[in-house]
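The values are calculated or read from the model by the stated rules, or taken from the named source; none is laboratory data. Quick caveat, the model's predicted, so the values are computed rather than measured. Cβ atoms come from the backbone with ideal geometry, glycine included; neighbour counts cover every protein chain shown.
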């Protein structure tokens, strides 16, 4: 083995700058996926079969195809579809957000269905309209039950964000690859990138557990 991590110490600040790029993409994609996921989950439990069919078809497509395929379709296919090329970061946010929404919609749907039916029946008995009852009574209870699953999806999104390197986004992985090319040695910088991702995931895990404990105490 011929490993030399010391030669990459001067390049660490450059690699670490990619954390901001990664977190920005993950944060924006997470918001997009969460909002769209809520809408899709309402479609799935709606009495209108057409809305349920649309949501199920959406989930089937995005869960049944690779994320990297969706990313490349949005980035490389945009000039052919809309006449201009989407910015790599925007393409990443769109692809990750749309993909994440498919999984989050199933998580939220399961959480809503897990809430005791007596809650919705009591709201109806009191004359509370469906939408306020869902937003103010059912959904908050469902969120407490599905928080671990949502955090797991956010963690997965953080790890999967590394594939943005295929479209040239200068995230942690891309910067590590660039540094490796300059030094003609890839093992060390890629291992450093892996350590950075591991630390980010561990921090997110600790934060998720802290939020979960706080929500349980608020019951």
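Specify which of the listed residues (49, 85) is under 21 Å from residue 167 (Cβ atoms) and either in contact with a strand residue (DSSP E or B) (Cβ under 6 Å, 6 or more places away or on another chain) or free of Cβ contacts under 8 Å to residues at least 12 places away in the same chain (or both).
The unique qualifying residue is 85.
Taking the condition of being in contact (Cβ under 8 Å) with a residue 60 or more places away in the chain and assigned to a loop (DSSP other than H, G, I, E, B), how many residues in the stretch 1-21 meet it?
The number of residues fulfilling the criteria is 4.
Looking at the stretch 53-66, can you tell me whether even one residue there is free of Cβ contacts under 8 Å to residues at least 12 places away in the same chain, surrounded by 14 or more Cβ atoms within 10 Å (Cβ to Cβ) and either in contact with a helix residue (DSSP H, G or I) (Cβ under 8 Å, 6 or more places away or on another chain) or not in a helix (DSSP H, G or I) (or both)?
Looking for residues that are free of Cβ contacts under 8 Å to residues at least 12 places away in the same chain, surrounded by 14 or more Cβ atoms within 10 Å (Cβ to Cβ) and either in contact with a helix residue (DSSP H, G or I) (Cβ under 8 Å, 6 or more places away or on another chain) or not in a helix (DSSP H, G or I) (or both), one finds at least one in the stretch 53-66, hence yes.
Run down 123, 91 and say which single residue is touching a helix residue (DSSP H, G or I) at 6+ places or on another chain (Cβ under 8 Å) and closer than 29 Å to residue 148 by Cβ.
123
Looking at (1) more than 14 Å from the chain's Cα centre (by Cα); (2) in contact (Cβ under 8 Å) with a residue 60 or more places away in the chain, find the lone condition where residue 127 falls short.
(2)
Any residue at all in the stretch 198-213 that is in a helix (DSSP H, G or I), more than 20 Å from the chain's Cα centre (by Cα) and modelled with pLDDT under 95?
Looking through the stretch 198-213, at least one residue is in a helix (DSSP H, G or I), more than 20 Å from the chain's Cα centre (by Cα) and modelled with pLDDT under 95.
For (1) within 25 Å of residue 106 (Cα to Cα); (2) surrounded by 18 or more Cβ atoms within 10 Å (Cβ to Cβ); (3) in contact (Cβ under 8 Å) with a residue 12 or more places away in the chain, each residue gets a yes or a no:
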| site | (1), (2), (3) |
| --- | --- |
| 151 | yes, no, yes |
| 159 | yes, no, yes |
| 165 | no, yes, yes |
| 176 | no, yes, yes |
| 187 | no, no, yes |
| 192 | no, yes, yes |
| 201 | yes, no, yes |
| 208 | yes, no, yes |
| 215 | yes, no, yes |
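Tally up the residues in the stretch 22-52 that are part of a loop (DSSP other than H, G, I, E, B) and exposed (fewer than 13 other Cβ atoms within 10 Å of the Cβ), please.
Count: 2.
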